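The values are calculated or read from the model by the stated rules, or taken from the named source; none is laboratory data. The shown structure was predicted, so the numbers you read here are calculated from the model rather than taken from an experiment. Here Cβ is always computed from backbone atoms with ideal geometry, including for glycine, and neighbour counts include all displayed protein chains. Note: accessible area is taken over every heavy atom of the protein model, side chains too, but ligands, DNA and RNA are not part of it. Shrake-Rupley method; radii C 1.70, N 1.55, O 1.52, S 1.80 Å.
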Amino acid sequence: GGGLLTPDSLDQVERLAARTGTRWINAHLYPQIGDFPHLGITSLDGLTSAQAAQIMAQIHADVAMLVDRLGRERVIIENVPFRAPDEQNLRLSVEPWVMNDVIETHQVGFLLDISHASLAAAALGVDERSYIRSLPLKAMRELHVTGTGIVDGYRTDHLHMQPEDWERLEWTLGLILSGEAALPDIIAYEYGGITPKF
């Protein structure tokens, strides 16, 4: 959604995917304030309707570029975390209607990251389970599971599982078993990372 995709970057994606046998190309919707200097955005969530429309147009253009190049069956869109006011990604990036609109318009798959959803719901001040239920669960192809915790004063993910993380996973698996969410082909436990906090 930041207009950063280029033919060269997609060439690299295709080469890496071919070399590694990667099934899907996962994309985050992650428009940031710095991607739109011409719009004069001063707040993560204080967009005018005209600003939001231009950002949505860029999101759709970027996803269309992925679909045109890779095919819709290879593209999955992942929900992102949100920790306002410390993030630079715009609140628009975690609004369920945005995820639903993009996935329905382009007929691509959905990657549900449970911890990202938990972080976003907390930052938005909404009920976590209601938030997850509002995402495009019927289009889910992959599920990411990770522990959450406090690091350097911030709630973050990619940590070891805590009791509340297991409860969140069990509840989400219940959505799959009930048919409210699609059965994913992959469940990935994302543990660790490359920064000092890990």
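Express in % the proportion of alpha carbon pairs of the stretch 54-118 at distances exceeding 14 Å.
On the way: 1216 of 2080 pairs.
Here the tail beyond 14 Å accounts for 58 percent of pairs.
Consider just the alpha-carbon atoms of the stretch 98-149 and return their Rg together with their Dmax, both in angstrom.
Answer for the stretch 98-149, Rg first and Dmax second: 11.3, 35 Å.
Please state the relative contact order of the stretch 70-131 as a whole percent: Cα pairs under 8 Å, 6+ residues apart?
Working: 68 pairs, mean separation 27.4, N = 62.
Once normalised by length, the contact order is 44 percent.
Quote to one decimal, in nm, the extra length available between Asp185 and Gln107 on full extension: 0.36 nm per residue of separation minus the C-alpha distance between them. Display every interim value, and only then the final one.
Details: separation 78, 0.36 × 78 = 28.08 nm, distance 1.72 nm.
Result for the pair: 26.4 nm of gain on full extension.
If you take the Cα Rg of the stretch 127-198 and divide it by 2.2 N^0.38 Å, with N the number of residues, what do you get? Could you put the intermediate results ahead of the total?
Numbers: Rg = 13.4 Å, N = 72, 2.2 N^0.38 = 11.2 Å.
In units of the globular-protein estimate, the stretch 127-198 measures up at 1.20.
Amide H neighbours of Val75 under 5 Å, at least 5 residues apart or on other chains, H built in the peptide plane: list them.
Ile25, Gly109
Sort out for me the Cα centre separation of the stretch 1-34 from the stretch 137-151, rounded to whole Å.
Answer, in whole Å: 20.
What ranking do 156-166, 13-23, 173-183 get when scored by the average of other Cβ atoms within 10 Å per residue, highest first? Before the final figure, lay out the partial values.
On the way: 156-166: 15.8, 13-23: 11.5, 173-183: 13.9.
Highest mean packing first, the order is 156-166, 173-183, 13-23.
For the chain, what % of the accessible area comes from carbon and sulfur atoms, probe 1.4 Å? Provide the component values of the computation, followed by the final result.
On the way: 5340 of 9930 Å².
C and S fraction of accessible area: 54 percent.
Using Stokes-Einstein with the Kirkwood hydrodynamic radius over Cα pairs, what translational diffusion coefficient do you get for the stretch 20-99 at 37 °C and a viscosity of 0.692 mPa s, in µm²/s rounded to a whole number?
Values: Rh = 13.6 Å.
Value of D from the Cα-based Kirkwood radius: 241 µm²/s.
Give me the orientation-averaged projected area of the Cα convex hull of the stretch 55-185, in nm², one decimal. Show your work: numbers first, answer last.
On the way: hull surface 32.7 nm².
The Cα convex hull of the stretch 55-185, projected and averaged over all directions, gives 8.2 nm².
Give me the one-decimal nm value for the distance between modelled label points at Ser9 and Leu177, 7 Å along each residue's Cα-to-Cβ direction.
Roughly 4.1 nm, to one decimal.
At 1.4 Å probe radius, can you tell me the per residue accessible area of the chain in Å²?
Details: 9930 Å² over 198 residues.
Per residue, the chain has an accessible area of 50 Å².
Name the residue farthest towards the positive end of the dipole of the chain from the options Leu5, Leu173, Asn100, assuming +1 on Cβ of Lys and Arg, -1 on Cβ of Asp and Glu, about the Cα centre.
Selected residue: Leu5.
Would you be so kind as to identify all helices of the chain, as entire DSSP H runs, whose Cα atoms reach 27 Å or more along the helix's own axis and whose mean Kyte-Doolittle hydropathy is at least -1.0? Each step should come with its number before you reach the end.
Numbers: long enough: 49-70 (31 Å, 0.62).
Span-like helices in the chain: 49-70.
Mind jotting down a quarter of the surface of the convex hull over the alpha carbons of the stretch 1-49, in square nanometres, one decimal? Spell out each step's value before the answer.
Details: hull surface 18.6 nm².
Its average projected convex-hull area is 4.7 nm².
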